[in-house]
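One structure is given here, and the rest of the page talks about it.
The values are calculated or read from the model by the stated rules, or taken from the named source; none is laboratory data. Predicted, not measured: the structure shown is a model, and the values here were computed from it. Please note: Cβ atoms are built from the backbone with ideal geometry, for glycine as well, and neighbour counts cover all protein chains shown. What goes into the accessible areas is simple: the full protein's heavy atoms, side chains included, and nothing from ligands, DNA or RNA. Shrake-Rupley method; radii C 1.70, N 1.55, O 1.52, S 1.80 Å.
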Amino acid sequence: MTDTAFPITIFHNPACGTSRNTVAMVEAAGYAPQVVEYLKTGWTREQLQDLAAKSDGSLRALMREKGTPAETLGLLADDVSDDRLLDAMVEHPILVNRPIVVTPKGVKLCRPSELVLDLLDRKPDQFTKEDGEVVIP
């Protein structure tokens, strides 16, 4: 269940430590985010265009290279069009970097995970990441 007064959506990959830390940090701040496992739900072109526009970034900024078929698909060249990127991201959801967080304060790719703090009204007093690093907002 999401907090209707301050809704938070996290596009999440549970296999990613940064993504897990982001979800846990939001929950530690007292929120119940809507967590979308995008590898299961997939993406639409419109959704990705909207997230890119609202994050003040490009589609390329949302693309993940590590552990994806980006190189094999020929997506790393500077002249690859947004249409081609969109087609590939829709077909291969793993190409979208994570976690992407949406709150009333904006949209951001939260790498590192503590970037999510900029998008929250409430923050945890402190948070310990999975690797033991302590984050004090």
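Computed over the alpha-carbon pairs of region 57-137, the distance histogram in 10 Å steps reads 16, 39, 27, 16, 2 percent, short to long.
Counting only DSSP H runs of at least 4 residues, each contributing -39500 (n - 2.57), and dividing by the residue count of the chain, the helix-based mean residue ellipticity at 222 nm comes to -8000 deg cm²/dmol.
A simple spin-label model places pseudo-atoms 7 Å from Cα toward Cβ; at residue 24 and residue 65 they are separated by 2.9 nm. Each DSSP beta bridge with both residues in the chain is either parallel or antiparallel, and the antiparallel ones are about 70%.
Report the gain in length on full extension from residue 78 to residue 5: 0.36 nm times residue separation, minus Cα-Cα distance, nm rounded to one decimal.
Value of the extension gain: 22.2 nm.
Across the chain, Cα pairs under 8 Å and at least six residues apart give a relative contact order of 30 percent.
Element breakdown for the chain at a 1.4 angstrom probe: carbon and sulfur atoms account for 49% of the accessible area. Around the Cα centre of region 18-131, unit charges on the Cβ atoms of Lys, Arg, Asp and Glu (plus for the first two, minus for the last two) sum to a dipole of about 320 debye. Taking the chain as a Gaussian network of alpha-carbon nodes connected by springs under 10 Å, the highest mean-square fluctuation of the residues 66, 54, 123 belongs to 66. For a paramagnetic label modelled at 7 Å from the Cα of residue 50 toward its Cβ, which residues of region 2-31 fall within the zone defined by backbone nitrogen distances under 20 Å? Residues passing the 20 Å test: 2-13.
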